[in-house]
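Here is the structure we will look at, set down as C-alpha cells.
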Amino acid sequence: MATKVLLLPFLQIKMGHHQAADALVEHLTAIDPSIECEIIDILDYSYGSRVEGLVSSVYLKWIHFLPVTYSWMYRKNCGGQLHNKRRYRLYEMIFLKAMQKLIREKQPDCILCTHALPSYLLDRLKCNGLLAIPVINVYTDFFVNDVWGRDGIDYHFVPDAHVKAWLTSRSVQAEHIFVTGIPLHPQFTAPRPQRKQANSDITVLITGGNLGTGVMKSMCRAIGKTEGVRYIVLCGKNKALYRHLKKKNCPNIVPMPYVESRAEMNDLYNQADAILTKPGGVTISECLYKKVPIFVYHALPGQEEINLLRLLHQQLIVHVKDWEEETMDMQVKLLWNNPMIERLTAQMNDYGRQISDLRTTLRHVLKLP
C-alpha cells in the first residue's frame with residue numbers, strides 16, 4: 001500500500017509554510033512517486049473557505065494598518081521563547097475535534113506540520129495517547145515560537161544548529177532533531193555563479209513578499225537615481241506598484257509582476273549580485289542556498305522581527321536601516337565594495353555546511369527505501 005503523508009500549513013495565504021509544504025511534496029514524490037501527499041489547512045477544513053478568507057483578510061489588514069499592536073500581541077502570545085510549554089485552550093476548543101475528524105477521514109501514515117498551530121494540536125493528541133503515527137515539525141522561521149508542539153512530536157526539521165540547541169535545552173532529544181534548513185523547492189539549483197568584482201555595475205533584486213506588502217513603494221522612490229546599480233523589483237501581487245514603476249520608466253529599474261514559476265525565480269537569483277528583502281524564512285533560505293548577499297530593508301511585525309534579530313546575530317545578513325530619499329543607491333554601492341561582503345559570503349558557506357540533505361533525512365525518518 002502507498003504511504004499517505006498529510007501536510008499541514010495554516011490559512012490559504014501563500015506564505016512560507018505553504019511554500020515549505022509544496023517543497024516537501026516535491027521531495028517526497030521524487031523519493032517515491034507512489035507516496036500520496038495531501039496539503040490541508042485545518043481552518044478551511046473545519047469552518048469552510050468563507051471563514052478562512054475572512055481570517056486571512058483580517059490578518060493581512062492587522063499587519064498592514066496596526067503593525068505595532070500585532071507585534072505586541074505576537075510577542076505576548078507566541079514569541080516569548082518560554083522554557084516551559086503553555087496551554088492554548090482556545091485553539092483546542094476551536095480545532096481539536098476537527099483535527100481528530102481529519103485524521104480519521106484521511107488515515108495518514110505520517111503528518112508534517114509547517115505551521116505551529118496544527119503542530120500544537122497534534123502534540124496535545126500525542127501526549128494524551130490519542131495519536132500513534134509519526135508527527136514531524138518543519139520550522140519555517142529561524143526560531144521556534146511558543147505555539148509549536150514539542151513533547152509529543154517525533155521529529156524536528158530545523159533551520160540551523162542554533163534552533164537545534166534551543167530545542168535540546170528544552171528536553172527534546174538531539175537524535176530527533178535534524179538540521180535540514182527550511183525546505184526549498186528542488187527547482188532551486190546549485191548556488192549562482194561567482195560574484196562580480198568590486199566597482200563593477202551590479203544587479204540588485206528587490207522583493208517585498210508575494211503580496212507586495214510593507215514599504216516597497218516608499219523604497220522604490222529612493223532607488224534608481226545613480227548609475228552602476230540596476231534593480232529588478234518583484235512587485236508580487238501589488239499591481240498598483242507594478243503600474244507605477246512601469247509608468248516611471250526608469251532605465252535602472254526593471255519591475256516584474258508576480259513570479260509564480262520557481263524556475264524563473266531561480267534564474268532571477270542567478271542574475272542578482274545582492275538582494276534587498278524582508279527576513280521571511282523561505283526567501284532568506286533561498287538566498288542562503290543561492291549564496292546571494294542579503295540586505296534587509298524592512299521586517300513585518302511578529303515573526304520577521306525575530307528572524308531579523310536571529311539572522312543578525314549569526315551575521316548572515318546586513319540590516320540597511322536608513323534608506324530615505326536618495327540614500328539607497330549609495331548604501332548599496334558602499335556595502336557592495338565593503339570587505340563585509342566577503343565575511344557575509346564566508347558566513348553563508350559556514351551555514352551551508354551544517355545543512356543535511358532533506359531527502360536523505362525524509363527517507364530515514366519515514367523509513368523509505
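Modelling each spin label as a point 7 Å along the Cα-to-Cβ direction, I'd like the residue 225/residue 335 distance in nm, to one decimal.
1.8
Kindly provide log₁₀ I(q)/I(0) values, in the same order as q = 0.11, 0.13 Å⁻¹, from the Debye equation applied to equal alpha-carbon scatterers of the stretch 241-305.
The Debye formula, applied to the Cα set alone, gives -0.31, -0.44.
So what J values fall out for the stretch 302-313 if you push phi through Karplus, 6.51 cos²θ - 1.76 cosθ + 1.60 with θ = phi - 60°, rounded to Hz, Gly and Pro as x?
These are the phi-based 3J(HN,Hα) values: x, 4, 5, 4, 6, 3, 4, 5, 5, 6, 5, 4 Hz.
Just to check I understand the Karplus step: with θ = phi - 60° and J = 6.51 cos²θ - 1.76 cosθ + 1.60, what whole-Hz values come out for the stretch 15-23, glycine and proline as x?
Those phi angles translate into 9, x, 5, 6, 5, 5, 4, 4, 4 Hz.
Enter the angle in degrees (range 0 to 90, nearest 10) between the Cα long axis of helix 239-248 and the first principal axis of the Cα atoms of the chain, meaning the one along which they spread out most.
10
In nanometres, what is the gap between the two model label sites at residue 105 and residue 364, each 7 Å from Cα along Cα-to-Cβ?
Going from the residue 105 label point to the residue 364 one covers 3.5 nm.
Please compute the per residue accessible area over the stretch 166-313 with all protein chains in place, 1.4 Å probe, rounded to a whole number of Å².
In whole numbers, the stretch 166-313 has 42 Å² accessible per residue.
To the nearest 0.05, how large is the calculated FRET efficiency for residue 97 and residue 259 if R₀ is 45 Å and r is the Cβ-Cβ distance?
0.70
Round to a whole number: what % of the accessible area of the stretch 15-133 belongs to carbon and sulfur, probe 1.4 Å?
Carbon plus sulfur share of accessible area: 58 percent.
What are the residues whose amide H is under 5 Å from the amide H of residue 253, where those residues sit 5 or more places off or on another chain and H is modelled from the backbone?
Placed amide hydrogens put 231 under 5 Å from residue 253.
Once Lys and Arg get +1 and Asp and Glu get -1 on their Cβ, which of 335, 303, 316 lies farthest toward the positive end of the dipole of the stretch 301-346?
316
Can you work out the base-10 log of I(q)/I(0) for the stretch 75-185 at q = 0.21 1/Å, using the Debye formula on its C-alpha atoms alone?
Once normalised to I(0) and log-transformed, intensities are -1.20.
Taking θ = phi - 60°, what integer Hz values does the Karplus form 6.51 cos²θ - 1.76 cosθ + 1.60 yield along the stretch 351-362, in sequence order, with x for Gly and Pro?
Residue by residue, the stretch 351-362 yields 4, x, 6, 8, 7, 8, 5, 5, 5, 4, 5, 4 Hz.
Expressed in nm to one decimal, what extension gain is obtained for the pair residue 132 and residue 190 from 0.36 nm per residue of sequence separation less their Cα-Cα distance?
17.1 nm
Let's test the formula: R0 of 45 Å, r as the Cβ-Cβ distance of residue 343 and residue 154. What FRET efficiency results, to the nearest 0.05?
So, using R0 = 45 Å, E works out to roughly 0.75.
Can you tell me, using C-alpha contacts under 8 Å and at least 6 residues apart, the relative contact order of the chain as a whole percent?
It comes to 17 percent, rounded to a whole number.
Taking a threshold of 24 Å on the Cα-Cα distance, which of the pairs 85/164; 4/101; 14/85; 291/367; 217/333; 106/126 fall above it?
The answer is 14/85; 291/367.
Using 0.36 nm times the number of residues separating residue 165 and residue 61, minus their current alpha carbon distance, what extension gain do you get?
33.9 nm
List the residues, sorted by chain then number, that are 5 or more residues from residue 7 or on another chain and whose placed amide H is less than 5 Å from its amide H.
38, 39, 40, 112
How high is the FRET efficiency between residue 90 and residue 248 when r is their beta carbon distance and R₀ equals 56 Å, given to the nearest 0.05?
Plugging the Cβ-Cβ distance into 1/(1 + (r/R0)^6) gives 0.75.
Whenever you get a sec, compute what percent of the accessible area on the stretch 205-303 sits on carbon and sulfur atoms (1.4 Å probe).
Its accessible area is 49 percent carbon and sulfur atoms.
List the chymotrypsin sites (Phe, Trp or Tyr not before Pro) within the stretch 1-107 that DSSP assigns to loop and that have no more than 10 neighbouring Cβ atoms inside 10 Å.
In loop regions of the stretch 1-107 (DSSP not H, G, I, E or B), there are no sparsely surrounded chymotrypsin sites (Phe, Trp or Tyr not before Pro).
Percent of Cα-Cα pairs per 5 Å bin, from 0 to the last occupied bin, for the stretch 282-369, please list those.
Going out from 0 Å in 5 Å bins, the stretch 282-369 shows 3, 12, 19, 20, 17, 13, 6, 5, 3, 2, 1, 0 percent.
What is the set of long-range amide H partners of residue 259 at a cut-off below 5 Å, with H atoms built 1.01 Å from backbone N?
Those qualifying (amide H under 5 Å, at least 5 residues apart or on another chain) are 236.
The values are calculated or read from the model by the stated rules, or taken from the named source; none is laboratory data. Keep in mind it's a predicted model, so treat the numbers as computed, not measured. Every residue, glycine among them, receives a Cβ derived from its backbone with ideal geometry; neighbour counts consider all protein chains shown. The protein model used for the area step is the full one, side chains on, heavy atoms only, and it has no ligands, DNA or RNA in it. Shrake-Rupley method; radii C 1.70, N 1.55, O 1.52, S 1.80 Å.
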